[in-house]
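Read the structure below first, then the notes.
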Amino acid sequence: MALLISTSILCGKIGRRTLSLLQREVEPHSNGEILKTLSCIKKEKKSIVDFPEIEKLAMYYIPIILGSIRRNRESLKAARFVLQTMHAFPFVQTELLDLKEMNIPMMEERLRFRDDPPSSIKELSMKMARADSIVIVTPEYNNGYPGVLKNALDYLKDEYKRKPFGIITVSSAWSGGMLCLASLRQVILHLGGVPIPATLPFPQVQDVFDKEGKPRDSKWNQRAKNYFEELLWFTEALSAQRRKHLSG
């Protein structure tokens, strides 16, 4: 349902069927005022984003991992663009998890086998366990993924189980990091995650964004929107199955 609602919001309109589904989803978590507000949206021809008390009821938490700590990294611009794009989906909560800021130490042992875990790893574990799906923004280095990204991922495993992963690659070359994407998908599968088939590579990334981090070509806005609609489809489907499994 998240994809249906988000698409309607981005288009600035909402239909009767979507409104009915939204009311049914929100009702257990809300008071009469929110339901009353929902009922007037169609009549007043407004968007749900005009009502912050509804917008804050995010359905899915989708964090973004930035997999590089290099100086002058172009991938940071891509990650910020991804963050901004995902913020346009009102029923998604997201944040940027920058491995450079998290300062994750080299792995001596997986988290579940340690009685002295670093605080940064406990934080990462809690966020990955909470996540409904996960986005990775990573550069391609020497035809592969950065070591710091693999190090961070390897600390955990159960937290990723049956969760969709959107892997977004950047590269200074024309290939856009496709070799990195192919190898990282294999890692995610082994960890129990589900890489989505859609791709959003940024080839020659140094030319994609201006100094403010905005794409020079507006086509990237539509490409990113299409990509995250696909991610939301998988997020909704697998979240429903995980809830079904837990309730069973």
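Okay, here's what the table says:
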item: Qualifying positions in the range 111-135 - touching a residue at least 24 places away in the same chain (Cβ under 8 Å), in a helix (DSSP H, G or I) and among the hydrophobic types (A, V, I, L, M, F, W, C); result: 111, 121, 124, 128, 129
item: Any hit, the range 230-241, residues being in the same structural domain as residue 132 (by TED's automatic domain parsing), surrounded by fewer than 20 Cβ atoms within 10 Å (Cβ to Cβ), at pLDDT 95 or above and among the charged types (D, E, K, R); result: yes
item: Options 88, 129, 152: the member that is more than 29 Å from residue 72 (Cβ to Cβ) and small (Gly, Ala, Ser); result: 129
item: The one condition in (1) surrounded by 18 or more Cβ atoms within 10 Å (Cβ to Cβ); (2) modelled with pLDDT under 95; (3) farther than 29 Å from residue 243 by Cβ that residue 111 fails to fulfil; result: (3)
item: Unmet criterion (only one of (1) surrounded by 18 or more Cβ atoms within 10 Å (Cβ to Cβ); (2) within 18 Å of residue 88 (Cβ to Cβ); (3) of a type in the set (Asp, Glu)) for residue 159; result: (2)
item: Flag if residue 175 is assigned by TED's automatic domain parsing to the domain that holds residue 234 and over 19 Å from residue 74 (Cα atoms); result: no
item: Residues that are under 19 Å from the mean Cα position of the chain (by Cα), in a helix (DSSP H, G or I) and crowded, with 17+ Cβ neighbours inside 10 Å, drawn from the range 186-208; result: 187, 188
item: Only one of 119, 183, 172 that is in contact with a Phe, Trp or Tyr (Cβ under 8 Å, 6 or more places away or on another chain) and either surrounded by fewer than 21 Cβ atoms within 10 Å (Cβ to Cβ) or among the hydroxyl-bearing types (Ser, Thr, Tyr) (or both); result: 183
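The rows are residues; the columns are (1) at pLDDT 95 or above; (2) in contact with a strand residue (DSSP E or B) (Cβ under 8 Å, 6 or more places away or on another chain).
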position: 133; (1), (2): yes, yes
position: 162; (1), (2): yes, yes
position: 180; (1), (2): yes, yes
position: 188; (1), (2): yes, yes
position: 194; (1), (2): yes, yes
position: 197; (1), (2): yes, no
position: 213; (1), (2): no, no
position: 228; (1), (2): yes, yes
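Here is a yes/no grid of residues against (1) free of Cβ contacts under 8 Å to residues at least 24 places away in the same chain; (2) part of a loop (DSSP other than H, G, I, E, B); (3) not assigned by TED's automatic domain parsing to the domain that holds residue 208:
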| residue | (1), (2), (3) |
| --- | --- |
| 79 | no, no, no |
| 84 | yes, no, no |
| 97 | no, no, no |
| 106 | no, yes, no |
| 109 | yes, yes, no |
| 137 | no, no, no |
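The values are calculated or read from the model by the stated rules, or taken from the named source; none is laboratory data. No experiment lies behind these values; they were computed from the predicted model shown. Here the Cβ is made from the backbone with ideal geometry for all residues, glycine too, and neighbour counts use every protein chain on show.
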